[in-house]
Each structure stands twice: as C-alpha cells, then as structure tokens.
1. At Ala114 and Met26, where each label point lies 7 Å from the Cα along Cα→Cβ, what is the point-to-point distance in nanometres?
2. Could you work out how far the C-alpha centroid of region 1-79 sits from that of region 95-148, in angstrom?
3. Compute the accessible area per residue over the chain, keeping the other protein chains in place, probe 1.4 Å, unit Å².
4. Expected output is a single nm value to one decimal: the length gained when fully extending between Thr101 and Phe79, i.e. 0.36 nm times separation in residues minus the C-alpha distance. What is it?
5. Do you know the Lys pair count in the chain for C-alpha distances under 27 Å, with sequence separation 8 or more or different chains?
6. Relative contact order (percent) for region 29-147, with alpha-carbon contacts under 8 angstrom and 6 or more residues of separation?
7. Assuming R0 = 25 Å, what is the FRET efficiency of Glu132 and Glu7, from their Cβ-Cβ distance, to the nearest 0.05?
8. With each run of n ≥ 4 DSSP H residues scored as -39500 (n - 2.57), what mean residue ellipticity at 222 nm is computed for the chain after dividing by its residue count and rounding to the nearest 500 deg cm²/dmol?
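The values are calculated or read from the model by the stated rules, or taken from the named source; none is laboratory data. For clarity, every value in this text was computed on a predicted model and none was experimentally measured. Using ideal geometry, Cβ is built from the backbone for each residue, glycine included, and neighbour counts are taken over all protein chains shown. What goes into the accessible areas is simple: the full protein's heavy atoms, side chains included, and nothing from ligands, DNA or RNA. Shrake-Rupley method; radii C 1.70, N 1.55, O 1.52, S 1.80 Å.
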Amino acid sequence: MADTRLELVPYRGMAPVVTDLIGGHMPLGVIDPPSAMAAIEGGLITPIAVSSAYRYQRLPDIPPFAEQGVPGFEATGWFGIVAPAGTPDDAIAKINTAFVTALKDPAIVERIRALGSDPLPMAPDEFSRFIESEAKKWETVVAKAGKK
C-alpha cells in the first residue's frame, strides 16, 4: 500500500527481534505490542506507527499508518476459536457464549489489554465473515507483492 519493499528476515519469535532492534542490528522491525511494550516503555526502542486502523490505547501518541499517509492500512494479529466442520450448532453456541461472556468480564479485559491486545468477541457468523475478509485482504496483498 505504501509502494515500498522490505526485506523479510525470518526470526524464531519476537524476543530476538526486540533484542536485535535494541542492539542496533537492524533499522526497523514489525513487532506485536505484548513483545515490545517493555522495550518501548524502557526507552530502548521507538515505535513509529501501529498497524491497527485505530490508535492503540497503551500507545496513544503513536498514530496508525492510516494517519501517516497510508489510508486503509490495517494489519493486526488475532486469535479465534474454531471447531471442526459439522460441529452441532448448539455446541458452537454454547462455546461461543462462554467465550463472549469471558471476554466481557472487566478483569479479563484488563488482563488482555495489559498484555497488549484488545478483546473483540464476535458471534460465529461475524467471525466467519471476518475470516473471509482477512483472507481476501491478504490475497490482494500477496498478489500485489508478487508483481513487483
């Protein structure tokens, strides 16, 4: 989206990325907030932007890419609960209700946010649409990257 190419340097986890950034072994890195917060708060690395569509509550002064001239940019990691195809609807509803209830509990929300994430409980049909939209978004990105 920024018409920029970056070299992918595979790492085995976020901790080595943070270590190499602190040590000055690379000029920039893409890191998830939970892995980077201690280094950011300690002044060891400097955040440039967040990849979500909105400002991250633990880093309110760091604008998203969309506010820095890359409109529409959003790249976030997420977790979801899935079940095998054919799982009865009532079982899915029961599991979803339990997770949605947990993700609305203030103590759990506080803990998740303290770790650097934001809970986003969804109904099964919402989550299915979300997965489909993510697949389409990244299919487009991969296709564009392959043309350069």
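1. 3.0
2. Value for the Cα centre distance between the two parts: 18 Å.
3. Working: 10860 Å² over 148 residues.
Each residue of the chain exposes 73 Å² on average to a 1.4 Å probe.
4. Numbers: separation 22, 0.36 × 22 = 7.92 nm, distance 1.63 nm.
Roughly 6.3 nm would be gained on extension.
5. Working: Lys94/Lys104; Lys136/Lys144; Lys136/Lys147; Lys136/Lys148; Lys137/Lys147; Lys137/Lys148.
The number of close lysine pairs in the chain is 6.
6. Values: 74 pairs, mean separation 21.6, N = 119.
RCO, region 29-147: 18 percent.
7. Details: r = 31 Å, r/R0 = 1.22.
After rounding to 0.05, the efficiency reads 0.25.
8. Details: 5 runs with 64 residues, N = 148.
Theoretical 222 nm ellipticity from helices: -13500 deg cm²/dmol.
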